[in-house]
Every structure is written in structure tokens, then in C-alpha cells.
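Beneath this line is the structure, given in C-alpha cells, with notes to follow.
The values are calculated or read from the model by the stated rules, or taken from the named source; none is laboratory data. Note that the coordinates shown come from a computational prediction; the quantities given were computed from them, not determined experimentally. Every residue, glycine among them, receives a Cβ derived from its backbone with ideal geometry; neighbour counts consider all protein chains shown. SASA here: full protein model, heavy atoms, side chains in, ligands and nucleic acids out. Shrake-Rupley method; radii C 1.70, N 1.55, O 1.52, S 1.80 Å.
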Amino acid sequence: EILPLMKDYGNLKTINLADFFSMSIPPKYRNRTHPVENPYAYEIIDTCTIKLPEGLKFDFDLSSINHSSKFGEYSNTFISLSPNEIVYIRTFKLYKFLEPANEYTDFRNFLKRIKSADQRFLLVTPI
């Protein structure tokens with residue numbers, strides 16, 4: 001049920017996608033000396049259908065967010081089934097890589113962009 005995840009601001013309600021997905025960002029190191037490595041590639045695809053109760057509708061930009069780098073790819077996509085029902089598809093692919101220590105900041109920034117996209121709010125209003 002989606003109601004417990006909605007924050008209520010009167011006629012305006014929100015759903016935070018971070019309630020569905022969480023990603024931790026590795027710590028920041030000022031003088032990293034070890035290489036940045038992901039020993040194996042993997043892909044995670046999550047799909048969820050979100051249906052609002054009668055009388056409410058989604059009211060936000062359904063545009064996708066895409067990020068890619070030499071470390072991997074990320075996308076989130078919304079498909080509107082009706083004014084009160086959407087399908088959310090989140091794809092995260094991390095490549096196998098071994099990069100020098102000075103690439104660590106770029107890797108962290110890639111993960112930070114993904115975390116930011118995962119914290120997107122869905123706006124819900126009365127019909």
C-alpha cells in the first residue's frame with residue numbers, strides 16, 4: 001500500500017523514491033593510494049507499479065533520468081498507465097573495472113548522481 005509512504009502537505013502530497021531504493025556512497029578519501037576496482041559486472045533492474053487511491057493523481061514531469069560513465073549506467077523511466085497509476089523502471093549497471101586511485105572521485109560522483117536521481121519526489125494532487 002502506498003499511503004504510508006506519502007507525505008501529506010494538505011492538497012499536495014509527495015512520494016520519495018528513496019523510500020524504495022537506497023544506495024550508499026563510499027567515504028571520501030583525500031589521499032587515496034589504492035586503485036578503484038569492481039571485480040565483476042552486474043545489472044539490477046527494478047520495476048514497480050504505483051497505484052494511488054481514487055481521487056488522487058500523479059502531477060510531475062515523467063521524463064527519464066539517465067547517467068553513464070566509464071563505471072556504469074543508470075536510468076529511471078516512468079510509464080503512465082492512467083492518471084493515478086504509473087510503472088517505475090530503475091536500471092543500474094556497474095561495469096567490471098580497475099582504475100587508478102585518482103579516478104576515485106569520479107567514481108564517487110557517478111554514484112552521487114545516481115543517489116540524487118533515486119531521491120526524486122513524485123508529486124500527487126487531488127483530481
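Considering only region 5-51, how many residues are more than 21 Å from Leu98 (Cβ to Cβ), in a strand (DSSP E or B) and of a type in the set (A, V, I, L, M, F, W, C)?
Count: 7.
So which residues in region 78-114 are surrounded by 15 or more Cβ atoms within 10 Å (Cβ to Cβ), among the basic types (Lys, Arg) and either on the phi > 0 side of the Ramachandran plot or touching a residue at least 60 places away in the same chain (Cβ under 8 Å) (or both)?
If the condition is that a residue be surrounded by 15 or more Cβ atoms within 10 Å (Cβ to Cβ), among the basic types (Lys, Arg) and either on the phi > 0 side of the Ramachandran plot or touching a residue at least 60 places away in the same chain (Cβ under 8 Å) (or both), then Arg90, Arg108 are the ones that fit.
Filter region 19-62 down to the residues that are farther than 13 Å from Asn84 by Cβ and basic (Lys, Arg), then identify the one that is most open to solvent (accessible area, probe 1.4 Å).
Arg30
Between residues in region 40-54 that are closer than 16 Å to Leu122 by Cα and residues that are assigned to a strand (DSSP E or B) and open to solvent by 80 Å² or more (accessible area, probe 1.4 Å), which pairs lie under 9 Å by C-beta distance while being six or more apart or on different chains?
Filtered contacts from region 40-54: Thr49/Leu81; Lys51/Leu81.
Exactly one of these conditions fails for Thr105: (1) among the β-branched types (Val, Ile, Thr); (2) more than 15 Å from the chain's Cα centre (by Cα); (3) assigned to a strand (DSSP E or B); (4) farther than 30 Å from Pro126 by Cβ. Give me its number.
(3)
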